[in-house]
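Asks: One structure follows; several queries about it will come next.
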Amino acid sequence: MEKDRQQWSSHISFIIATVGSAVGLGNIWRFPYIMGENGGAIFLLTYLLLIGFLCVIPLCCELLIGKIHRTDTVSAFEKINPKFKWFGWLCILTVLLIPCFYFVVGGWIINYIWIFLSNNIPDNFTNYFSSFSSQTWVPCILTLFFLFLTAIFPYKGVNKGIEKANNIMMPMFVIMLFIMALYAISLPGAKEGLTFMFKPDFSQFDKQMILTALGQALFTLSIGMGAVLTYGSYMREDTNIVKSAYTLIICDTLIAITAGVMIFPIVFSFGVTPSAGATLAFISLPEMFAQLPFPTFFGFIFFVLLFFAAITSGISMLETAIASFINQFKMTREKATIITSSIIAIISIPATLSFSILGDFKLLGKTFFDFLDYATSNILLPFNTLLICLIAGWCIKSLWKDNFGETFFGYAFNILLKFIAPIVLIFVLISGI
Ligand code: PFF
């Protein structure tokens, strides 16, 4: 069991690790295709408003609860009120289910890195992707391999493992992303791509888009499953919560926008429809890389940066569950890492097999992989975030006054937390279901 609770060795390490958790497949893979499907710039505008004014509230709450209680997710909610312990466990269930589909994509990424590294580029990525993902053994082994690579870091601890991994991988990720974005804007379709991203077409606005934007914002900030709370619990005493929350939001959003700047010029240069969906990263983009100069180099860089984004997020998912297992079951970090990884391994196998032998096994009309994505993103995340707002707003006495004082921000925070955020989240939940 952890006796002396570890802390980030510096404020910047805390920010890098939290940005590492937030920036993941959600930014590079999901954000561009969702934006493509929802009209480009008008989606971006809606997303910016939601993330800047609404999502900042539960984000601050998770950071505050972590900082105040300095413990894992389950114990933190138990400390607020023993009646809320079950909710801590619900967050842990959520954070255990997400990697079960997320790491499947991690396995695909490893495969694509190998393809480009070994210069074994297939002629037709549509056929390649469907034949690869419908195999039985290889995708399962790669999913487990990705899980193993991710688990090494929390196994080593907060400073020696998690902090080091983020401090090395995140700067490399940012450099690679900028190389790719610069390369993309030198392509002939750049102007069209950037117009699609930044010139809003208000006729495309609809209610469904607001819900999609909110779901994406919660997912990308890793809110609603205790990940931010857990990283916040290792925060230094002098850390400013609101500044940290906005730093995180700004970094996460800039990276998502840069990912769009990297992807849309390529998409428009080849006349592919920007709403190509989830297969954009694994079919359309690699197909285009293959036709550009230096395909091996740029294909390789793209998938390595996707890999870094996925693994730094994966580390925070594992750490959230591990921290709770350590405290709740009084076990060592090593044992907690092995148990957490084993649970994820068992559930991720049927998710991987959803593309092959379990393709006909459906829950609510969805394959197991799609069901996990749907149940976590559309139901558990908004529900958990709603409860976090209600608990922080109504059950922690004067959270806003103690932390922000009777300032304009304090009053605005209180109203948003108690009334506006819960109403919007209930609306999202009802339409999500
Ligand atoms: N925020 C990550 C992304 O955008 O890919 C996803 C994520 C990270 C979800 C950490 C949950 C979590 F605990």
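Asks: Considering the stretch 45-54 alone, what residues qualify as being among the hydrophobic types (A, V, I, L, M, F, W, C) and either surrounded by fewer than 22 Cβ atoms within 10 Å (Cβ to Cβ) or in contact with an Asp or Glu (Cβ under 7 Å, 6 or more places away or on another chain) (or both)?
Replies: The answer is 45, 48, 49, 50, 53, 54.
Asks: Do you know which residues across the stretch 205-223 are over 26 Å from residue 19 (Cβ atoms) and surrounded by 21 or more Cβ atoms within 10 Å (Cβ to Cβ)?
Replies: Across the stretch 205-223, there are no qualifying residues.
Asks: Tell me which helices (runs of 4 or more DSSP H) are completely within the stretch 172-254 and hold 2 or more residues being closer than 21 Å to residue 36 by Cβ, or say none if there are none.
Replies: Passing ranges, in order: 190-198, 207-220.
Asks: Would you confirm whether or not the stretch 91-109 contains a residue that is under 26 Å from residue 415 (Cα atoms), within 16 Å of the ligand (Cβ to nearest atom), of a type outside the set (Ser, Thr, Tyr) and touching a residue at least 24 places away in the same chain (Cβ under 8 Å)?
Replies: yes
Asks: Taking residue 285, is it more than 16 Å from the ligand (Cβ to nearest atom), modelled with pLDDT under 95 and buried (at least 24 other Cβ atoms within 10 Å of the Cβ)?
Replies: For residue 285, the condition - more than 16 Å from the ligand (Cβ to nearest atom), modelled with pLDDT under 95 and buried (at least 24 other Cβ atoms within 10 Å of the Cβ) - is met.
Asks: Restricting the first residue to the stretch 21-43 and requiring it to be touching a residue at least 60 places away in the same chain (Cβ under 8 Å), which pairs with a second residue that is among the aromatic types (Phe, Trp, Tyr) and more than 11 Å from the ligand (Cβ to nearest atom) meet a Cβ separation below 6 Å and a spacing of at least six or different chains?
Replies: 35/43; 40/196; 41/198; 42/205
Asks: Moving on. Could you list, in sequence order, the residues of the stretch 364-403 that are among the polar types (S, T, N, Q) and in contact with a Pro (Cβ under 8 Å, 6 or more places away or on another chain)?
Replies: Listed by number, the list holds a single entry, 385.
Asks: Scan the stretch 84-129 for residues that are modelled with pLDDT under 95 and of a type in the set (Ser, Thr, Tyr) and jot them down.
Replies: 118, 126, 128
Asks: Going by the structure shown, is residue 173 under 17 Å from residue 31 (Cβ atoms) and touching a Pro at 6+ places or on another chain (Cβ under 7 Å)?
Replies: When the stated conditions are applied, residue 173 does not pass them.
Asks: Every residue in the stretch 246-282 that is within 18 Å of residue 127 (Cα to Cα), at pLDDT below 85 and touching a Phe, Trp or Tyr at 6+ places or on another chain (Cβ under 9 Å), please.
Replies: Result: 276, 277, 278, 279, 280.
Asks: Still on this structure: Could you tell me whether any residue of the stretch 188-204 is crowded, with 16+ Cβ neighbours inside 10 Å, at pLDDT below 90 and more than 20 Å from residue 280 (Cβ to Cβ)?
Replies: Checked against the condition, which is being crowded, with 16+ Cβ neighbours inside 10 Å, at pLDDT below 90 and more than 20 Å from residue 280 (Cβ to Cβ), the stretch 188-204 yields at least one hit.
Asks: Can you find a residue that is more than 30 Å from residue 303 (Cα to Cα), away from the ligand (no atom under 12 Å from the Cβ) and not in a loop (DSSP other than H, G, I, E, B) anywhere in the stretch 111-128?
Replies: No, every residue in the stretch 111-128 fails to be more than 30 Å from residue 303 (Cα to Cα), away from the ligand (no atom under 12 Å from the Cβ) and not in a loop (DSSP other than H, G, I, E, B).
Asks: Another question about this same structure. Which one is surrounded by the fewest Cβ atoms within 10 Å (Cβ to Cβ), of the residues in the stretch 230-264 that are closer than 15 Å to residue 55 by Cβ and within 14 Å of the ligand (Cβ to nearest atom)?
Replies: Once the filter is applied, the top-ranked residue is 251.
Asks: Of a type in the set (A, V, I, L, M), away from the ligand (no atom under 16 Å from the Cβ) and buried (at least 17 other Cβ atoms within 10 Å of the Cβ): is that true of residue 169 in this structure?
Replies: no
Asks: Now a separate question. So, of the residues in the stretch 311-332 that are more than 11 Å from the ligand (Cβ to nearest atom) and hydroxyl-bearing (Ser, Thr, Tyr), which turns out to be farthest from residue 170 (Cα to Cα)?
Replies: Across the stretch 311-332, the extreme among qualifying residues is 332.
Asks: Within the stretch 383-414, how many residues turn out to be in contact (Cβ under 8 Å) with a residue 40 or more places away in the chain and over 22 Å from residue 88 (Cβ atoms)?
Replies: 3
Asks: Tell me the helices (runs of 4 or more DSSP H) entirely within the stretch 1-83 that contain at least 1 residues that are at pLDDT below 95, among the aliphatic types (A, V, I, L, M) and in contact with a Lys or Arg (Cβ under 9 Å, 6 or more places away or on another chain).
Replies: Fully inside the stretch 1-83 and qualifying: 41-50, 56-69.
Asks: Does residue 63 satisfy being under 13 Å from residue 229 (Cα atoms) and within 16 Å of the ligand (Cβ to nearest atom)?
Replies: It is true that residue 63 is under 13 Å from residue 229 (Cα atoms) and within 16 Å of the ligand (Cβ to nearest atom).
Asks: Give the residue, chosen from 355, 361, 325, that is surrounded by 17 or more Cβ atoms within 10 Å (Cβ to Cβ) and in contact with a Pro (Cβ under 8 Å, 6 or more places away or on another chain).
Replies: 355
Asks: Follow-up. Of all residues in the stretch 14-28, which are more than 7 Å from the ligand (Cβ to nearest atom) and closer than 15 Å to residue 261 by Cβ?
Replies: 28
The values are calculated or read from the model by the stated rules, or taken from the named source; none is laboratory data. Here the structure is a predicted model, which is why all the values come from computation and not from measurement. Virtual Cβ from ideal backbone geometry, glycine too; neighbours counted across all protein chains shown.
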